[in-house]
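Read through the structure below, which is laid out as structure tokens, and then see the notes.
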Amino acid sequence: VCSSISVLHRTVIDLETGSVSREPLLRHVDKSLDFPVINKSKTGLKNKFAYVTEFKKGIPGDILKIDLEQNEVVGSATFGPDECTGECSFVSCGPREDDGYILSFVTKGDASWLKVWFARDMSYMSSVNIPSRIPLGFHANSL
């Protein structure tokens with residue numbers, strides 16, 4: 001369980017000068033954010049979108065779509081008061097950076113689901129019941 005505020009930052013490394021700059025994003029948003037993911041096909045390139053888990057009172061809650069160029073939340077997958085999620089995954093399916101799906105395990109009490117949203121507009125797509133409870137804090141991404 002997270003007990004501190006996590007802030008999304010942009011770090012820029014200038015390969016010519018060797019200088020490094022870092023600035024917080026979403027300065028006007030008072031949210032604790034963690035587990036950022038991007039479309040992995042854009043790793044090492046300029047990204048327009050990131051998907052992060054918002055922590056509410058130390059518990060992982062909604063998944064937010066962040067526009068990294070405008071520094072604002074542009075979509076979200078929201079959950080009920082007793083539902084918890086964790087780290088989400090992005091699955092690409094087209095040429096646009098946000099052509100794809102957001103997948104995340106969601107737990108409520110002793111029940112768990114794998115839920116899926118369309119990444120472009122964060123609309124709900126589907127869910128699959130998991131026969132075992134997925135523990136809070138379960139990480140979803142690997143290399």
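The values are calculated or read from the model by the stated rules, or taken from the named source; none is laboratory data. Just so it is clear, the model here is predicted, and its values are computed rather than measured. Virtual Cβ from ideal backbone geometry, glycine too; neighbours counted across all protein chains shown. All accessible areas refer to the heavy atoms of the entire protein, side chains included, with ligands and DNA or RNA removed. Shrake-Rupley method; radii C 1.70, N 1.55, O 1.52, S 1.80 Å.
Observations on the structure shown:
- The strands (runs of 3 or more DSSP E) found entirely in the range 13-70 that carry 3 or more residues being over 20 Å from residue 119 (Cβ atoms) and either open to solvent by 30 Å² or more (accessible area, probe 1.4 Å) or among the hydroxyl-bearing types (Ser, Thr, Tyr) (or both) are 20-24.
- Scanning the range 70-107 for residues that are among the polar types (S, T, N, Q) and at pLDDT 90 or above turns up 70, 76, 78, 89, 92, 104, 107.
- Scanning the range 79-114 for residues that are β-branched (Val, Ile, Thr) and either within 15 Å of residue 37 (Cβ to Cβ) or assigned to a loop (DSSP other than H, G, I, E, B) (or both) yields 85, 91, 102.
- Considering the conditions (1) within 17 Å of residue 10 (Cα to Cα); (2) touching a residue at least 60 places away in the same chain (Cβ under 8 Å), residue 100 is excluded by exactly one of them, (1).
- Verdict on residue 76 being assigned to a strand (DSSP E or B), over 23 Å from residue 138 (Cβ atoms) and not aliphatic (A, V, I, L, M): no
- Sole exception among (1) under 26 Å from residue 47 (Cα atoms); (2) in a loop (DSSP other than H, G, I, E, B) for residue 117, by number: (2)
- Looking only at the range 91-130, and only at residues there that are open to solvent by 60 Å² or more (accessible area, probe 1.4 Å) and among the β-branched types (Val, Ile, Thr), the one that is farthest from the chain's Cα centre (by Cα): 128
- Any chance residue 82 is of a type in the set (D, E, K, R) and surrounded by 14 or more Cβ atoms within 10 Å (Cβ to Cβ): no
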